[in-house]
Amino acid sequence: MRFPIIIFSLLLLVSFGYADGHGESCNLEIAAGDTLKFDKTELQISSSCEKVTVTFAHTGKLPATVMGHNWVLSKTADVKLIASDGLTAGASSGYIKAGDERVIAATDIIGGGQTTTVSFGAGQLSSAESYTFFCSFAGHSFMMAGPFKIVN
């Protein structure tokens with residue numbers, strides 16, 4: 001009888017991400033609707049994460065052309081310049097300048113009812129640095145932003 005319990009325990013560990021040394025905090029979910037607000041004010045990952053996956057959902061009804069949102073991660077010091085350069089880049093580029101090396105990760109711009117995912121290596125992040133997630137859609141970054149923290 002012990003064998004099924006051990007198998008069940010291992011399956012639970014794997015399904016929750018603990019067997020490979022990664023906690024659930026390596027997989028993040030965040031959403032925004034038809035307002036200029038994310039549903040979370042802060043995101044955290046464990047310093048043990050090697051890869052981070054962010055699933056972003058637009059819970060509103062408006063199309064991407066009217067009230068589109070994306071999820072972008074950068075160093076906090078770079079947010080304003082990325083957003084400014086994104087305005088120049090325009091909607092066709094997702095309000096992100098092509099090849100912008102200051103952008104650590106970014107999803108596509110999505111509209112109501114859509115979901116998108118982005119994954120990136122956490123090895124490029126440092127707990128000593130300040131990071132911010134934000135929406136780069138024209139004018140949204142001033143209201144739609146929050147700290148992205150690496151915790152032990």
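Quick notes on this one:
- If you plug the beta carbon distance of Ser119 and Phe142 into 1/(1 + (r/R0)^6) with R0 = 22 Å, you get a FRET efficiency near 0.20.
- Going from the fewest other Cβ atoms within 10 Å to the most, the residues Ser141, Ser25 appear in the order Ser25, Ser141.
- Debye log10 I(q)/I(0) at q = 0.10 Å⁻¹ for the range 39-152, Cα point scatterers: -0.27
- Counting every pair of alpha carbons in the range 85-152, the share spaced more than 19 Å apart comes to 39 percent.
FYI, it's all coordinate maths here, none of it is from the lab. What you are looking at is a predicted structure, and each value in this text was computed from that prediction instead of being measured. When we count neighbours, we look across all protein chains shown, and the Cβ atoms used for this are built from the backbone with ideal geometry, even at glycine.
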